[in-house]
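First comes the structure, then the notes that go with it.
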Amino acid sequence: KLIGARYFNKGYSANVEPLNSSMNSARDYDGHGTHTLSTAAGNFVPGASVYGVGKGTAKGGSPHARVAAYKVCWPSCYDSDIMAAFDMAIHDGVDVVSMSLGGDPSDYFDDGIAIGAFHAVKNNILVVSSAGNSGPSEGSVSNTAPWMFTVGASTMDREFQANVQLKNGTFFEVHLSQPLPKNKFYSLISGAEATAANATSADSVLCLEGTLDPEKVKGKILVCLRGVTDRVEKGLQAARVGAVGMILCNDEYDGNSLVADPHFLPATHINYTDGLAVLAYINSTKNPQGLITPPKGKIHTKPAPVMAAFSSRGPNTVTPEILKPDITAPGVDIIAAFTEAQSPTEQDFDERRLPFYSLSGTSMSCPHVAGVAGLLKTIHPHWSPSAIKSAIMTTASTSDNTKSPMKDSSSDKATPLAYGAGHMQPNQAADPGLVYDLTVNDYLDFLCALGYNQTMLKAFSDNPYKCPASVSLLDFNYPSITVPNLSGSVTLTRRVKNVGFPGIYAAHISQPTGVSVTVEPSILKFSRIGEEKKFKVTLKANTNGEAKDYVFGQLIWTDDKHHVRSPIVVAAAA
């Protein structure tokens, strides 16, 4: 299964600190790499669970694939080490790179990840990457290069649920830890009420280290507000001052975004609205009491998927004409393999060792897509990286399991700036009908359109490349269509390749608000596999004063069996 493991640390050692013996090893002391690699291609393992919850057979996206690990973070990740790992992966002949790391968005010429990924794609290797965990802020998405497959994170229809029972009601929310010592009601106290003598209530309500009075907390369930410190860290502080359990309440910023963490003590995580109710109950009751019931895994929950609040959002701040993220996939409460060289919290006093662990992040969603890409590479070995990417994007769904549009964690309707083309549907991606294909020269033309000169192009191309006399970013053959500065009208070109049977495809358009969209021709007839057809899309801003914010539509090519969908994202010129 694991046929190779390499480590790259010369960049880190030259810039940060001398290496110790643990750094001259590919061993995973953190758990992140084990978790992500097993998600991408872990074998079938029966009886996997976290504390007995979510029990079942674990497997990765490509369970029979052979895998190689390339360790580049110590914990910071240097471009030189990442690029060296790319070079070795190319040398080793991998088919897919799953890269659950990234930095701030930057120009591609200054981005070692983008340069390394370009060389991988040149060698027919698909690079799947994380969008980042800086959401829901606009423009926070990273790994923005069009030759990378950038993945956001969303929920799935499985949750870890427990009851927070109060004297005046019950809240059903997310929870993943051991049960309370006894199945009885315990006194409740908020962090603000448990303030230590040398602390402020503004800090103690967040359950920060050193702010809680053990005499006030001991034997009670402590209610903490999310923010500033890690969620598990709050549970640690609660346990240190003698709490028997913890209720973690979201602040307004995090809203409905819930995560199941393996806490040090019985704990549950509730949303902002329920948190307000719990705190109001505590503040209005002489002897408030509560009970946290043992956790249970529940499947077929609704609505799902929902965009995770932490998932980084577009628009793409490096190249606004390219929609990022490209896709979303499961990235919340993902159970996968974990290192047993370290505890889940990485604290010396935490003696727990878990073969499987639940984590959340775009680091977790990225390998879901990489695993599916591996399967598609097996089914279609001659497809290019861009064809595989297109197949996954154009068959994605933008609806949840209530047949309603996908939502953000705030319960507002989500947009392509959050989910890209939508939530991945692996089975449909195996037979997309048509794909938007791209060559290495297309990517070089893209860089030419950005104004790259010969010196800059040398970072991407081994041989001198002559830029076309005229090239437009809008004509770049991406599976999504983005026009960030629409003024009047614009016409752009796309081409699609038939990867299915001969057929006739008709264009169906959902127009963005305030924008008219036409396609020419509106019918494409394919007589053989591999045949390519071009079409033009004209977008025209309505004259009655379009909105300055982004608006969204879609273009679908369909032969009744296949539905090849491209999001349309438009913003008016300032």
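The values are calculated or read from the model by the stated rules, or taken from the named source; none is laboratory data. This structure is a prediction, so every number in the text was calculated from the model and none was measured. Positions of Cβ are generated from backbone atoms using ideal geometry, with glycine treated the same way; all protein chains shown enter the neighbour counts. Accessible surface areas use protein heavy atoms only, side chains included; no ligands, DNA or RNA. Shrake-Rupley method; radii C 1.70, N 1.55, O 1.52, S 1.80 Å.
Helix 362-379 versus the longest principal axis of the chain: what angle, 0 to 90°, nearest 10, using Cα atoms? That helix lies at roughly 40 degrees to the long axis.
For Asn453 and Asn287, a Förster radius of 51 Å and the Cβ-Cβ distance give a FRET efficiency of 0.10, rounded to the nearest 0.05.
In this Cβ point-charge picture (+1 for Lys and Arg, -1 for Asp and Glu), region 236-332 has a dipole of about 360 debye about its Cα centre. For region 370-490, the solvent-accessible area with a 1.4 angstrom probe is 41 square angstrom per residue. Here the chain exposes an accessible surface that is 51 percent carbon and sulfur, computed with a 1.4 Å probe and the other protein chains kept in place. Between the Cα long axis of helix 385-394 and the first principal axis of the chain there is an angle of about 70°, rounded to the nearest 10. Solvent-free Debye calculation, one equal scatterer per alpha-carbon of the chain: log10 I(q)/I(0) at 0.05, 0.07, 0.08 Å⁻¹ equals -0.23, -0.45, -0.58. Counting other Cβ atoms within 10 Å, which chymotrypsin sites (Phe, Trp or Tyr not before Pro) in region 33-99 have at most 12 and lie in a DSSP loop? The qualifying sites are Phe44. Rg/Rh, computed from the Cα trace of region 314-467 with Rh as the Kirkwood radius, has the value 1.06. In this Cβ point-charge picture (+1 for Lys and Arg, -1 for Asp and Glu), region 438-574 has a dipole of about 200 debye about its Cα centre.
The label point for Glu531 and the one for Asn43, both projected 7 Å from the Cα toward the Cβ, are 4.6 nm apart. Heavy atoms of the protein chains alone define the surface here; on that basis region 197-246 has 45 Å² accessible area per residue at 1.4 Å probe size.
In this simple spin-label model, placing a label point 7 Å from the Cα along the Cα-to-Cβ direction at both Cys467 and Ser404 gives a separation of 4.8 nm. Each Lys and Arg Cβ is given +1 and each Asp and Glu Cβ -1; about its Cα centre, the chain then shows a dipole of about 1500 debye. Across region 477-572, the fraction of Cα-Cα pairs farther apart than 16 Å, rounded to a whole number, is 54%.
Farthest toward the positive end of the dipole of the chain, out of Gln165, Phe338, Ala194, is the Cα of Gln165, where the dipole comes from beta carbon charges about the Cα centre. When Lys324, Lys458, Lys403 are compared by accessible area at a 1.4 angstrom probe, the order from most to least is Lys403, Lys458, Lys324.
Heavy-atom accessible surface of region 101-189, averaged per residue, reaches 36 Å², computed with a 1.4 Å probe. Maximal additional length on extending the Ala430-Glu209 stretch stands at 74.5 nm, based on 0.36 nm per residue less the C-alpha distance. If you line up the long axis of helix 112-122 against the longest principal axis of the chain, both from Cα atoms, how many degrees apart are they, to the nearest 10? Its long axis makes an angle of about 50 degrees.
Taking every protein chain into account, the 1.4 Å probe leaves Phe446 with about 0 Å² of accessible area, to the nearest ten. Considering only Cα atoms, the convex hull volume of region 302-399 works out to 172 Å³ per residue. Using only Cα atoms, what is the ratio of the radius of gyration of region 159-298 to 2.2 N^0.38 Å? That ratio works out to 0.92. Accessible surface for Glu321 stands near 50 Å², nearest 10, in the context of the full protein assembly shown (1.4 Å probe).
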